[in-house]
Amino acid sequence: MVITRNRIKTVWMLVASCIMQACSSLQAGIYLSSIDHLNEQEILENEKKVISFLEDILTAPDNYTIKAYVRTGVAFQIKRTKLITHSFYVISYTHEYHTLSFYGTKIAFYSEGAWIMDSDSDLLSYKLFLDGQNKWDAKEIIIETGIDTERTVRNILSKINSTITFYYRDHINNKAGMDNCNTALMETLVMAPIAPDPD
């Protein structure tokens, strides 16, 4: 068999393409497999708990505080990068708190999306953040006036009831009808209004 330059070039292009796709799939796989031990069906079942919890908040929103955080996708990442960054909410009341974020239900670039409460990685990264062992490079997203609890919760419920699906790189290449953890958070977050000056 005679191997021509064009044949070699074609082979190398195919190899390079496969490597690039494999790397991208690996990045997505590492990112999405870091959610927690739940499988696809369990993540969807978890979303039912999210809905119930959010509806409870709406009965007395002033009793709850919401903060937003951004972190690395996985614990062994050295720092946050544009490609692998994860955003999540922490909802606090009395002496308790829960984490909340949007995930894909499968290890894939595109999949059904679901909001998940208290995922292993969100809880662990937040606990380590509080303890000063910030291996996930977590950082609070500072909102000067704070986050409007009621309006943010209503936005999250609207997202849940919509047909929004999950796209891993949505914050880099925005696609209609899709979100990832970062875009879902930024599109639901509502700043609290500026308090009027006292007379």
*May I ask you to list the residues in region 35-70 that are crowded, with 16+ Cβ neighbours inside 10 Å, touching a strand residue (DSSP E or B) at 6+ places or on another chain (Cβ under 6 Å) and under 12 Å from residue 116 (Cβ atoms)?*
35, 43, 46, 47, 50
*Output the number of the condition that residue 162 fails; it satisfies all remaining conditions of (1) surrounded by fewer than 18 Cβ atoms within 10 Å (Cβ to Cβ); (2) more than 17 Å from residue 116 (Cβ to Cβ).*
(2)
*Specify which of the listed residues (102, 88, 76) is among the aromatic types (Phe, Trp, Tyr) and at pLDDT below 95.*
76
*Tally time: how many residues in region 153-187 are of a type outside the set (A, V, I, L, M), in contact with a Ser or Thr (Cβ under 6 Å, 6 or more places away or on another chain) and within 13 Å of residue 88 (Cα to Cα)?*
2
*Specify the residue that is modelled with the lowest pLDDT; the eligible residues are those in region 157-199 that are of a type in the set (Lys, Arg) and in contact with a helix residue (DSSP H, G or I) (Cβ under 9 Å, 6 or more places away or on another chain).*
169
*asked:* Quick check on region 19-41. Is at least one of its residues modelled with pLDDT of 90 or more, among the aliphatic types (A, V, I, L, M) and assigned to a helix (DSSP H, G or I)?
replied: no
*When only residues in region 119-145 that are surrounded by fewer than 17 Cβ atoms within 10 Å (Cβ to Cβ) and under 27 Å from residue 177 (Cβ atoms) count, which is nearest to the chain's Cα centre (by Cα)?*
141
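Residues that are out of contact with any strand residue (DSSP E or B) (no Cβ under 7 Å at 6 or more places or on another chain), more than 30 Å from residue 78 (Cα to Cα) and in contact (Cβ under 8 Å) with a residue 12 or more places away in the chain: which helices (runs of 4 or more DSSP H) entirely in region 100-199 hold 3 or more of them? I'd like the intermediate steps shown before the answer.
Working: elements: 120-130, 149-160, 181-188.
The qualifying helices (runs of 4 or more DSSP H) are 149-160.
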*Output the number of residues of region 49-68 satisfying the condition of being over 15 Å from residue 89 (Cα atoms) and assigned to a strand (DSSP E or B).*
0
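The values are calculated or read from the model by the stated rules, or taken from the named source; none is laboratory data. Please read these numbers as outputs of a predicted model, since none were measured by experiment. Methodologically, a virtual Cβ is constructed for each residue, glycine included, from the backbone with ideal geometry; neighbour enumeration extends over all protein chains shown.
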